[in-house]
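The values are calculated or read from the model by the stated rules, or taken from the named source; none is laboratory data. This one's a predicted model, so the numbers in the text were calculated from it and none came from an experiment. Note that we place each Cβ from the backbone using ideal geometry, even for glycine, and neighbour counts take in every protein chain shown.
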Amino acid sequence: MTYFFRSLGAVAFCLLFAGSALAADAAHKLAIHVDENDPAVMNLALNNAKNVQSYYAAKGETVAIEVIVYGPGLKMYTADSPVKDRISAMSLEHENLIFAACSNTLAAMERKKGAKVELLSEATMVPSGVVRLIELQEQGYSYVRP
């Protein structure tokens, strides 16, 4: 029985050590939250994403970035977005950059408008922007709200 517990302890130690080693090698992860229909806030969020990506690229490290928008911030991903050209360029430059749009907000916008709201092709739909932020933070993403 004592042998069993020693073996179990050794296995647990190895798993803990391996987990620590993997965490040290893991990519950095950032969630950026936009909920305002303000071009200055939108540009600041994109600046944050670009600066973080550039910083880690210069160090030879990778970073996964997700820009999550909901509420009035969904304007950032509509066809008439004031930052649509930046989003298009950034999505081509950075493969680990996701632009997440809240389905709840889109549905509300379409009900209010009485018509379909066209989103940028770069936008990825998520069921709920708030829930997506929770999920990302539970996965170890750092959170920034410009």
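Return the total of residues in the stretch 57-79 being in a helix (DSSP H, G or I) and touching a Gly at 6+ places or on another chain (Cβ under 9 Å). Show your work before the answer.
Our first condition is that a residue be in a helix (DSSP H, G or I); within the stretch 57-79, this holds for 57-58, 71-77.
Pick out the ones that are also touching a Gly at 6+ places or on another chain (Cβ under 9 Å) and you get 71, 73-74.
Looking only at that region, the number is 3.
Residue check, P82 against (1) surrounded by 12 or more Cβ atoms within 10 Å (Cβ to Cβ); (2) not in a loop (DSSP other than H, G, I, E, B), all met but one. Which one?
Only one criterion in (1) surrounded by 12 or more Cβ atoms within 10 Å (Cβ to Cβ); (2) not in a loop (DSSP other than H, G, I, E, B) is unmet by P82, namely (2).
Could you pull out the residue among S88, S128, S121 that is of a type in the set (S, T, Y) and under 16 Å from H33 (Cβ atoms)?
On the way: S88 fails: under 16 Å from H33 (Cβ atoms); S121 fails: under 16 Å from H33 (Cβ atoms).
Every option except S128 fails the conditions.
In the set T105, T124, which member is of a type in the set (S, T, N, Q) and in contact with a helix residue (DSSP H, G or I) (Cβ under 6 Å, 6 or more places away or on another chain)? Write out each step before concluding.
Numbers: T124 fails: in contact with a helix residue (DSSP H, G or I) (Cβ under 6 Å, 6 or more places away or on another chain).
Step by step, each of T105, T124 is checked, and only T105 is of a type in the set (S, T, N, Q) and in contact with a helix residue (DSSP H, G or I) (Cβ under 6 Å, 6 or more places away or on another chain).
Give all pairs with beta carbons closer than 9 Å in which a residue from the stretch 70-96 that is without any contact (Cβ under 8 Å) to a residue 24 or more places away in the chain and among the hydrophobic types (A, V, I, L, M, F, W, C) meets a residue that is surrounded by 19 or more Cβ atoms within 10 Å (Cβ to Cβ) and in a strand (DSSP E or B); count only pairs at least 6 apart in sequence or on separate chains.
Listed by first residue and then by second, the contacts come to nothing, as the list is empty.
Do we find that Y70 is within 17 Å of A27 (Cα to Cα), of a type in the set (F, W, Y), surrounded by 14 or more Cβ atoms within 10 Å (Cβ to Cβ) and modelled with pLDDT of 95 or more in this structure? I'd like the intermediate steps shown before the answer.
Numbers: within 17 Å of A27 (Cα to Cα): no; of a type in the set (F, W, Y): yes; surrounded by 14 or more Cβ atoms within 10 Å (Cβ to Cβ): yes; modelled with pLDDT of 95 or more: yes.
It is false that Y70 is within 17 Å of A27 (Cα to Cα), of a type in the set (F, W, Y), surrounded by 14 or more Cβ atoms within 10 Å (Cβ to Cβ) and modelled with pLDDT of 95 or more.
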